[in-house]
Amino acid sequence: MAKKIVAPVVITVLLVVYFIFWLWLCVTMPGIPLALKIIGAVIPCALIGVSVFVLMERIKEVRSGEEDDLGKY
């Protein structure tokens, strides 16, 4: 079971690091208007939240035994 959770966790960690980089870049860049900085901060934060939510759902699926729903079709 642990092997099936490793890949989603690694991908989620990489995505979160990528989104944090873009968040930092948008907020610290000089010359950008405040409205664009706010939008540039909200979008990566939302994507981080969605990524973590999807990871939690995937972990629940693996623990409940629904490893591969595509095999049913």
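The values are calculated or read from the model by the stated rules, or taken from the named source; none is laboratory data. Bear in mind that the values here come from a model prediction, so they are computed numbers and not experimental data. Virtual Cβ from ideal backbone geometry, glycine too; neighbours counted across all protein chains shown.
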Report task. Tell me which residues, restricted to the stretch 33-51, are of a type in the set (Val, Ile, Thr) and either exposed (fewer than 14 other Cβ atoms within 10 Å of the Cβ) or touching a residue at least 60 places away in the same chain (Cβ under 8 Å) (or both). Result -> ILE38, ILE39, VAL42, VAL50
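Residues are listed down the side, and each one gets a yes or a no for (1) at pLDDT below 85; (2) aromatic (Phe, Trp, Tyr); (3) part of a helix (DSSP H, G or I):
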{"position": "LYS37", "(1), (2), (3)": "no, no, yes"}
{"position": "VAL42", "(1), (2), (3)": "no, no, yes"}
{"position": "CYS45", "(1), (2), (3)": "no, no, yes"}
{"position": "ILE48", "(1), (2), (3)": "no, no, yes"}
{"position": "PHE53", "(1), (2), (3)": "no, yes, yes"}
{"position": "MET56", "(1), (2), (3)": "no, no, yes"}
{"position": "GLU66", "(1), (2), (3)": "yes, no, no"}
{"position": "GLY71", "(1), (2), (3)": "yes, no, yes"}
Query raised in the report: If you take the residues of the stretch 14-27 that are in contact with a helix residue (DSSP H, G or I) (Cβ under 9 Å, 6 or more places away or on another chain) and of a type in the set (Val, Ile, Thr), which of them is surrounded by the most Cβ atoms within 10 Å (Cβ to Cβ)?
Result: VAL16
Query raised in the report: When you scan the stretch 1-13, how many residues do you find that are among the hydrophobic types (A, V, I, L, M, F, W, C) and surrounded by 12 or more Cβ atoms within 10 Å (Cβ to Cβ)?
Result: 4
Query raised in the report: Taking the condition of a type in the set (A, V, I, L, M, F, W, C) and at pLDDT below 90, does VAL27 pass?
Result: yes
